[in-house]
Structure formats: C-alpha cells, structure tokens
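Below is one structure, written out as structure tokens; the observations come after it.
The values are calculated or read from the model by the stated rules, or taken from the named source; none is laboratory data. As the structure is a prediction and not an experimental result, all values here were calculated from the model. As a convention, Cβ positions derive from the backbone with ideal geometry for all residues, glycine included, and neighbour counts pool all protein chains shown.
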Amino acid sequence: MRLSTDPGAWMAALSILAIYSFLVKENRVYRMVEHLYVGLGAGHAIAMGWHNIRTMGINPIIRADRYEMLIPLALGLLLYTRFIKKLHHLSRIPLAVTIGIGSGMALRGLPSAQILAQVRATMLPLTNVNNILLATGVCCVLAFFFFTVKQGPVMRGVATVGKWTMMITFGVTIATAVFQHTSFVITTFNTILGRWLGLL
Amino acid sequence: MFEKMHRLDRRILYLIFTLAVAGAMLRPVVLPLPIAAATRAYYDRIEALGENDIVLLEVGYGPIAAADIHPSVVAVATHVARQGAKIVLMSVWADGPMFSAQIVDHLERLGRVYGEHMVDFGFRAGGEGTIAALGRDFRSVMTTDVRGTSIDAFDWLDRVKTARDFSMILVSSGGTPGPPEWIRQVTDPLDIPLGGMVGAIMKPSQIPFVHSGQMFGLLGGMRDAAEYEYLTRQPGDGTRSLGALMFAHIVILVFLAMSNIGYFATKKKAGGASQ
C-alpha cells in the first residue's frame with residue numbers, strides 16, 4: 001500500500017467516505033461535506049458565469065469593438081429587474097427572447113431530423129426478427145395512444161401489446177440507470193483504493 | 001426466513017456490495033467481451049481517419065456524468081490521435097472545459113503537441129443556438145482558444161470555415177444539449193458524419209439515431225468504453241472496471257430476487273393466515 005501524499009487525493013477520499021457514511025446513519029460529518037459540496041457548486045457556477053460574461057460579452061466589446069454584444073448584455077441585465085417591483089415586467093423581455101429563439105431553433109430542424117427520419121427508419125423490410133419486433137412495437141405503442149375512437153377488442157389487444165412494449169422499454173431505462181450509477185460508485189472506489197490508498 | 005429476506009437491513013446489502021466491488025477491483029478478472037455493432041461501426045469510422053482529417057470533439061458533461069462518459073471520450077480521442085488526425089475540442093456545457101483540459105493533458109502525454117495537433121476552444125454559452133451558429137460559421141463563434149490565442153494563429157485551421165470542413169463531429173453528452181441538438185442543427189442539414197458518446201442511461205434514447213443512420217456509432221457508458229478499449233488494444237478505465245461492474249450487478253440481482261421471493265412468500269403466508 002502506497003498512501004498518497006497528494007492533499008487533493010486525501011480531500012477527495014475523505015469527502016467520499018463522509019458522504020457514504022450516510023448509508024449507515026445520517027451524521028454531522030455527512031451534513032458538513034454536503035454543505036461544502038453545495039457551496040463549492042455555487043461558487044463554481046458564479047465563477048463560470050462571470051468568466052463567460054467577461055470572455056463572451058465584455059472582452060469582444062473592449063478588444064474587438066463588437067458593440068452588438070451590448071444587446072445580449074442588456075437583455076441579461078434586464079433579467080434582474082424582477083427584483084424591482086416597478087420594473088418587474090421588463091424581466092419578461094429576455095425570457096420571451098430566449099423562449100422564442102429556443103422554440104424557433106427546435107422547430108427548424110426537429111420535424112425532419114427527429115420525426116421524418118425516425119419514421120423512415122421504422123419502415124423496414126420485415127425480413128428478420130429485429131425488424132418485425134421494431135415495426136410491431138411502434139404500431140402497438142401508437143395504438144395505445146389512439147384515443148379518438150372507442151376501442152374494440154382487437155384494438156384493445158393491440159394497445160395491450162403496446163403497453164407491454166413500453167413497460168419493457170421503461171425496464172431497460174431503469175436497468176441502464178442502475179448500470180450508470182454503479183459506474184459512479186466504481187469511480188469513487190477508484191479514488192479511494194487507487195488514488196488515495198495506492199492499492200490498484 | 002422469508003420475512004428476513006424481505007426486510008433485510010439495507011446496511012448488509014451495502015456492505016456486501018462494497019466487498020464485491022472492492023474485491024473485483026483488487027483482484028481483477030478477465031471477462032469475455034462481445035463487441036456491439038454500434039461500437040464496431042464507431043471504431044471502423046475512426047480507423048479510416050488520416051493525417052489530413054480534422055475532427056471536432058465536443059466535451060459535454062460535468063463531474064456527475066464524467067464517471068460514465070469520460071472513459072469513452074479518452075479512448076476515442078486516443079484513437080483519433082493515433083490515426084494522426086487533428087482534434088478541435090470545445091464544449092457547450094459549462095463544466096466541459098475541466099474534462100477537455102484532461103483530454104489535452106492525456107494527448108500531450110502521448111506526444112501530441114497543443115496548437116499543432118489539437119486545440120481547445122473551451123466553453124461557449126448558448127446551447128442549441130451556439131451549435132447552429134458554429135455549424136454555419138465556425139470562426140465567428142470560436143474566435144479564441146482557452147489560452148487566449150486567436151483562431152487565426154492556427155494555420156491548419158485556415159480551411160475550417162463551417163462545420164462541414166470537419167471530417168466528422170464527435171459529441172459526448174450527459175444530457176441536453178446532446179446528440180439530438182447536433183443532429184437537427186448541424187449534422188443532418190449539413191450532412192456531416194456524427195458519432196455519439198453518452199452515459200448508459202441515455203443509450204436507449206439515442207440508439208434510434210444509429211438505426212436511422214443519423215449517427216455512425218454510439219458509445220454508452222463504461223461497458224462500451226471497455227469494448228472500444230479492447231478494439232484499440234489500449235486498456236483504460238473501462239476495461240479495469242468491467243469485473244467490478246459484473247460483480248456489482250450480480251449482487252444487485254441476487255438481492256432483488258431475494259427480496260421479491262421474501263415479499264411474495266410473506267404475502268402468501270399472511271393471506272393464508274387471514275383465511
């Protein structure tokens with residue numbers, strides 16, 4: 001065992017152990033590290049925010065005479081008018097601009113890239129099991145959400161298959177969530193056993 | 001006994017889980033590793049790159065998702081560098097530059113030179129809007145790199161005017177914006193090959209883009225990283241974690257089965273007693 005001399009490794013390992021101590025029982029050390037994490041996160045967000053304003057807003061105006069950057073800076077400042085009662089309504093302007101641009105951007109590419117292309121990808125020759133399962137699954141799930149007419153016994157059967165298809169999909173999603181969180185745990189073990197204790 | 005199985009103290013589960021993971025990490029086991037088609041396709045496309053290619057690599061994740069995505073990104077960046085292609089790193093995630101800096105360090109350890117073989121433009125705010133803008137005019141969005149050097153100082157980037165001038169775009173993401181935003185704003189309209197690297201939880205929602213041909217490959221999580229490391233014969237974090245992943249999942253499955261058996265057995269017993 002080669003115990004690390006890096007203060008960063010000690011800090012990381014002890015913080016991980018403090019957080020994991022919650023699994024036994026909630027305690028003061030856990031709460032202290034939890035607050036430390038929230039504080040660090042907030043501090044990092046403020047530092048990143050200021051860095052972005054400086055590099056993408058202020059510097060281009062000062063160094064490159066790009067005065068058009070005053071517009072996003074002004075819109076950003078308007079967001080803070082929500083704290084002034086008389087000017088509160090002005091804070092809606094940057095929100096409206098952001099939502100409008102976001103919706104416009106999504107509408108521009110979404111129909112062709114995420115609807116038509118996916119529909120096209122479902123129109124497969126039914127020559128193998130995978131293609132048959134895919135096409136059947138899509139049709140049955142669509143049938144499940146078909147509420148405009150009263151469902152007869154056939155339609156109800158198809159919709160039930162659609163429901164089970166969705167259940168299997170949700171199961172896969174939950175399993176991948178477990179998979180991902182196990183990876184997180186392994187990474188913390190890597191820090192403790194490898195970086196800190198030098199056992200790996 | 002069934003009651004005990006159903007109401008097992010969770011601390012016992014944590015202890016056994018810890019022992020299984022730590023044991024597998026301290027005594028690594030070699031496991032057979034079938035390669036997924038999406039991983040193989042990814043490898044083949046990167047393998048076809050040459051010295052004249054420039055690849056755009058977006059590093060779009062923070063510390064939380066990094067555990068699951070970073071091994072894939074390191075494996076792919078290593079492969080791209082080994083092929084001699086140049087790499088342009090950037091991020092539309094505020095936390096991304098922390099990890100793109102790690103990738104630059106890793107590539108420098110492999111003998112690649114910053115400014116000559118790779119450049120990191122850091123974070124650009126604006127999400128999907130920025131993605132669309134750099135697709136049309138890369139140079140107006142990426143004016144300086146993380147070290148404050150102008151884009152004009154990198155001669156090999158002279159031919160890059162729009163995203164179409166990249167041989168391919170590789171997007172790693174722990175959420176939104178991610179591959180769908182790149183597909184609808186850049187790679188589909190401009191017809192640019194796209195490779196995705198996401199966390200395991202995102203894989204089921206992103207794999208349809210591979211089936212539709214909108215992505216040439218997808219790496220989702222630690223296991224896919226291990227597959228890629230196996231193909232490139234460069235063992236890394238993915239390979240090292242495989243045994244621990246397997247034992248952790250066995251423990252979870254065993255306890256899941258035990259608690260369900262306990263639940264149904266006690267329910268049946270209670271039902272029988274009430275009759």
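Within segment A:75-109, the residues that satisfy the criterion of being among the hydrophobic types (A, V, I, L, M, F, W, C) and farther than 16 Å from B:GLY126 by Cβ are A:LEU77, A:LEU78, A:PHE83, A:ILE84, A:LEU87, A:LEU90, A:ILE93, A:ALA96, A:LEU107. State which residue is nearest to the chain's Cα centre (by Cα) when the search covers only segment B:110-148 and only residues that are of a type in the set (Val, Ile, Thr) and within 13 Å of chain A (Cβ to nearest Cβ). Looking at residues that are of a type in the set (Val, Ile, Thr) and within 13 Å of chain A (Cβ to nearest Cβ), I get B:ILE131.
Counting only residues that are within 14 Å of chain B (Cβ to nearest Cβ) and hydroxyl-bearing (Ser, Thr, Tyr), segment A:104-147 holds 2 of them.
The residues of segment A:22-32 that are outside any helix (DSSP H, G or I) and not aliphatic (A, V, I, L, M), listed by number, are A:LYS25, A:GLU26, A:ASN27.
For segment A:136-153, residues that are closer than 23 Å to A:MET123 by Cα, free of Cβ contacts under 8 Å to residues at least 24 places away in the same chain and not aromatic (Phe, Trp, Tyr) total 4. Picking from residues in segment A:33-74 that are of a type in the set (Lys, Arg) and in a helix (DSSP H, G or I), the one that is farthest from the other protein chains (Cβ to nearest Cβ) is A:ARG54. Within segment B:66-84, the only residue that satisfies the criterion of being buried (at least 22 other Cβ atoms within 10 Å of the Cβ) and out of contact with any helix residue (DSSP H, G or I) (no Cβ under 8 Å at 6 or more places or on another chain) is B:ILE69. Applying the criterion of being at the interface with chain B (Cβ under 7 Å from one of its Cβ atoms) and more than 17 Å from B:PHE247 (Cα to Cα) to the residues of segment A:170-192, the residue that is surrounded by the most Cβ atoms within 10 Å (Cβ to Cβ) is A:THR173.
Residues are listed down the side, and each one gets a yes or a no for (1) in a loop (DSSP other than H, G, I, E, B); (2) among the β-branched types (Val, Ile, Thr):
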{"position": "B:PHE99", "(1), (2)": "no, no"}
{"position": "B:ILE103", "(1), (2)": "no, yes"}
{"position": "B:GLU116", "(1), (2)": "yes, no"}
{"position": "B:VAL119", "(1), (2)": "no, yes"}
{"position": "B:GLY129", "(1), (2)": "no, no"}
{"position": "B:GLY135", "(1), (2)": "no, no"}
{"position": "B:ARG139", "(1), (2)": "no, no"}
{"position": "B:ARG147", "(1), (2)": "yes, no"}
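Go through (1) within 12 Å of chain A (Cβ to nearest Cβ); (2) at pLDDT 95 or above one by one and return the number of the condition B:MET246 breaks. The one condition B:MET246 does not meet is (2). Taking (1) under 18 Å from B:PRO34 (Cα atoms); (2) crowded, with 22+ Cβ neighbours inside 10 Å; (3) in contact (Cβ under 8 Å) with a residue 40 or more places away in the chain in turn, B:ARG223 satisfies each apart from (3).
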